[in-house]
Amino acid sequence: MADPRPLTGEPLPLDLLNTAWVEDGGPRDLLAEDGGVATWLASRGLAAPADGRARAALVEAREALRALLTAPVDLAARERVNAVLARGAERVRLGPDGPVREVDVAETWRVPWQAATELVALRERHGDRIRRCANPECVLWFLDVSRPGTRRWCSMAACGNREKARRHATAA
Ligand SMILES: [Zn+2]
């Protein structure tokens, strides 16, 4: 199956969030579809299990990350992400060519753990650039890498123009 999502290519944690989107006015969830987990993993170039347990782990991580980004000061949201983070641990040691990082994590949790870990790093470095699309009906997330930091939409074509048209209609 080709990746059917409207927005791809965001950093891993946001890309995981973007496995859920709105299509024709209703929610669509790639992870809930037949072959959807495998499609998403292939789209990311990740070799990982795509069975029911992997799906459940990915969904658990996705909803924890969404809860945290939606309510960053909420203790329960933080604890949900901490529960995902607790699934794995990274060990660093020095090898002949520099640091070697080994992750201790069950195969099923490797990608969900990685997504949670990367979200922590992303918030630390670029917390003010993690955005949800400004269209209130859109649930997509992106990292604003524009120089002025003024990106508001998942895409101009999908949401930006619609908002412009709406404002135009209100003004008329
Ligand atoms: Zn959007």
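The values are calculated or read from the model by the stated rules, or taken from the named source; none is laboratory data. As the structure is a prediction and not an experimental result, all values here were calculated from the model. Because the Cβ atoms are built from the backbone with ideal geometry, glycine has one as well, and the counts that use them run over all protein chains shown.
Couple of notes before you dig in:
- Index of the failed condition, Ala57 passing every other in (1) more than 16 Å from the ligand (Cβ to nearest atom); (2) under 30 Å from Gly25 (Cα atoms); (3) over 16 Å from the mean Cα position of the chain (by Cα): (3)
- Condition check for Glu118: among the acidic types (Asp, Glu), away from the ligand (no atom under 16 Å from the Cβ) and either modelled with pLDDT under 95 or within 20 Å of Asn18 (Cα to Cα) (or both): yes
- Subset tally (residues that are of a type in the set (A, V, I, L, M), touching a residue at least 60 places away in the same chain (Cβ under 8 Å) and part of a helix (DSSP H, G or I)) for segment 97-133: 5
- Considering (1) away from the ligand (no atom under 16 Å from the Cβ); (2) exposed (fewer than 14 other Cβ atoms within 10 Å of the Cβ); (3) under 17 Å from Ile130 (Cα atoms), the lone condition that Asp34 does not fulfil carries the number (3).
- Members of segment 134-151 found to be part of a loop (DSSP other than H, G, I, E, B) and near the ligand (Cβ under 9 Å from one of its atoms), listed by number: Ala134, Asn135, Glu137, Cys138, Val139, Leu140
- Close pairs from segment 151-172: first surrounded by 15 or more Cβ atoms within 10 Å (Cβ to Cβ) and modelled with pLDDT of 80 or more, partner part of a helix (DSSP H, G or I) and of a type in the set (Asp, Glu), Cβ under 8 Å, at least 6 apart: Trp153/Glu163
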